[in-house]
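Worksheet: one structure, shown below.
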Amino acid sequence: MLSTLTRVLPNVSLVLGALSLCMAAHARDGSAQGNDDINVSVTRKGDVVRVRADFSVPVSAPQAFAVLTDYDHMRDFLPDVVESKIIQRSPSRLVVAQSARMKLGFISVPFETVRQVDLEPPGKLVSHALSGTVSKAEVTTTLVETEGTTLVTYDSEAALSTWLPAGLGASIIGTHVREQLTHMRAEMLRRRSKLQNKQLTLPGATKDALKAMPPFVYQNR
């Protein structure tokens, strides 16, 4: 939820989300698929961290968008997200409260953020911090679908208003971001597989009705 970094992505927004949340997401096991093809570029200048990341996933843009905006369930598939909930909702805008913890050896760094997310389904979401650990957090996520595969791109910049270990360099932040995005992509694939298995058991008329519905309406959990 970048995040979480990116979002912290890791709030990967890992975000997806605010940058702090993007960084907070760390793999807790080896269940997520390989992440060698997830591109992450991190630069840090003082307490300002800039992250650019992208990955491709063989799902539709609406399917990917549904996962990226499923803030009420992010703690279920982003391991270090402690809490995530939508506290205000309108057709084109959400206000989201999230908290996460980033583990660095024996150190556990907490992050909290309340952010506004502007929705342009299924191709774009833009968020910025309203309050919390980050004094500034701007995250833009774009989705471009080509022949059934969606390219998800994050561009995030955050200024932390809390202490962060000086040794937390670009490579360490990049590792956390990549791990969160790995879990985010795995959740997109899990939901696609679940939907496909469900459709195999449905009568033809029901399948046709589902196809006629906007994917982001029925493809959430």
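Bear in mind these aren't lab numbers, they're just calculated from the coordinates by the rules spelled out. Keep in mind it's a predicted model, so treat the numbers as computed, not measured. We place every Cβ from the backbone using ideal geometry, glycine too, and count neighbours over all the protein chains shown.
Numbers at a glance
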quantity: Among 83-90, 62-69, the order from most to least packed when residues are scored by Cβ within 10 Å on average; calculated: 62-69, 83-90
quantity: Net charge of neighbours whose Cβ lies under 11 Å from the Cβ of F55, counting Lys and Arg as +1 and Asp and Glu as -1; calculated: -1
quantity: Karplus-derived 3J(HN,Hα), 6.51/-1.76/1.60, for each residue of the range 138-144, Hz, glycine and proline x; calculated: 10, 10, 10, 10, 10, 10, 10
quantity: Whole-Hz couplings from phi, Karplus 6.51/-1.76/1.60, listed for the range 57-62; x for Gly and Pro; calculated: 9, x, 9, 6, 4, x
quantity: Residue-wise HN-Hα coupling along the range 44-55, computed from phi with Karplus coefficients 6.51, -1.76, 1.60 (Hz; x: Gly, Pro); calculated: 10, 10, x, 9, 9, 10, 10, 10, 10, 8, 7, 7
